[in-house]
Amino acid sequence: MKMMLHLLLKNPVPNQLAHHAPFPHLHPEVPLKARIERKTARPFEIISLPQKDGSFVASVVEAPKILVYDRSRKVAEDKAAREFLKIPDPHAFRRHPLATTKAVTIDMEYDEEAAASVTYVKELHRMSTFGETESAALDNTAEMIRGYIKSMVANRKRIPLVAPKLTELMRIVGLA
């Protein structure tokens, strides 16, 4: 490790060649930077460009209406990121445990009349529920599955899933 560190210190990449370094997008002067929010793993990209007066303008590629001006590139980028992360993630439902499980198949469709997202759980007699958003519909689906499993166990009825899938489903909905 000391040898490798010594070599890195002995052969640094000069500033004029920084764009040829192993990860050029990490260099502070690169205008487009990919970021991922730590808590939700929400990916987004920030672009920051210098202005004629020496200040910087930063914007989020996924939300171009967000424009932040500041004297510092880093401050402008951080402010733009904070503004973007205040906006709810329309794709958050894709990371919901029920959306990623292979224990059951959940179909979701949007009902325009009801202005709601409707879910169907194929393996559990096509049980159905809804929510105003996709995430709310999946949360309601988890609650419905909890109630279904509790009811079936209390009435000593057979749940139509193989044991490993039932165990996984119970873990996902908070029964295990």
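The values are calculated or read from the model by the stated rules, or taken from the named source; none is laboratory data. Treat the numbers as computed from the prediction; the structure is a model and nothing was measured. Positions of Cβ are generated from backbone atoms using ideal geometry, with glycine treated the same way; all protein chains shown enter the neighbour counts. Just the protein is used for accessible areas: all its heavy atoms, side chains included, with ligands, DNA and RNA removed. Shrake-Rupley method; radii C 1.70, N 1.55, O 1.52, S 1.80 Å.
Kindly provide the set of residues from the stretch 41-61 that are without any contact (Cβ under 8 Å) to a residue 40 or more places away in the chain, small (Gly, Ala, Ser) and either more than 15 Å from ALA80 (Cα to Cα) or in a strand (DSSP E or B) (or both), ordered by number. SER48, GLY54, ALA58, SER59, listed by residue number. Taken together, the criteria place VAL118 among residues that are without any contact (Cβ under 8 Å) to a residue 24 or more places away in the chain, in contact with a strand residue (DSSP E or B) (Cβ under 6 Å, 6 or more places away or on another chain) and not small (Gly, Ala, Ser). Report yes if THR129 is closer than 19 Å to GLY174 by Cα and surrounded by 12 or more Cβ atoms within 10 Å (Cβ to Cβ), otherwise no. Criteria met by THR129. If LEU166 passes every condition in (1) in contact (Cβ under 8 Å) with a residue 40 or more places away in the chain; (2) within 15 Å of THR101 (Cα to Cα); (3) open to solvent by 50 Å² or more (accessible area, probe 1.4 Å) but one, which one does it miss? Against the list (1) in contact (Cβ under 8 Å) with a residue 40 or more places away in the chain; (2) within 15 Å of THR101 (Cα to Cα); (3) open to solvent by 50 Å² or more (accessible area, probe 1.4 Å), LEU166 comes up short only on (3). Filtered by the rule that a residue be assigned to a loop (DSSP other than H, G, I, E, B), at pLDDT 65 or above and surrounded by 12 or more Cβ atoms within 10 Å (Cβ to Cβ), the stretch 17-35 gives HIS27, VAL30, PRO31. Condition check: farther than 30 Å from ILE159 by Cβ, surrounded by 11 or more Cβ atoms within 10 Å (Cβ to Cβ) and at pLDDT below 90. Does ASP89 satisfy that? Here the answer is yes, as ASP89 does meet what is asked.
Just need a number here: residues in the stretch 47-69 that are of a type in the set (A, V, I, L, M) and surrounded by 19 or more Cβ atoms within 10 Å (Cβ to Cβ).
Total satisfying the criteria: 4.
Screening the stretch 105-116 for residues that are in a strand (DSSP E or B) and closer than 28 Å to VAL162 by Cβ and picking the one that is least open to solvent (accessible area, probe 1.4 Å) gives ILE106. Which members of the stretch 133-163 meet the condition of being without any contact (Cβ under 8 Å) to a residue 24 or more places away in the chain, under 15 Å from SER117 (Cβ atoms) and either among the polar types (S, T, N, Q) or assigned to a loop (DSSP other than H, G, I, E, B) (or both)? Listed by number, the list holds a single entry, ASN140.
Screening ARG38 with (1) out of contact with any Ser or Thr (no Cβ under 8 Å at 6 or more places or on another chain); (2) modelled with pLDDT of 95 or more; (3) open to solvent by 100 Å² or more (accessible area, probe 1.4 Å); (4) not hydrophobic (A, V, I, L, M, F, W, C) gives one miss only, at (2). Do we find that THR129 is in contact with a helix residue (DSSP H, G or I) (Cβ under 8 Å, 6 or more places away or on another chain) and assigned to a helix (DSSP H, G or I) in this structure? Against the criterion (in contact with a helix residue (DSSP H, G or I) (Cβ under 8 Å, 6 or more places away or on another chain) and assigned to a helix (DSSP H, G or I)), THR129 does not qualify. TYR120 fulfils the conditions (1) open to solvent by 50 Å² or more (accessible area, probe 1.4 Å); (2) within 20 Å of ALA176 (Cβ to Cβ); (3) touching an Asp or Glu at 6+ places or on another chain (Cβ under 6 Å) except for a single criterion, (2).
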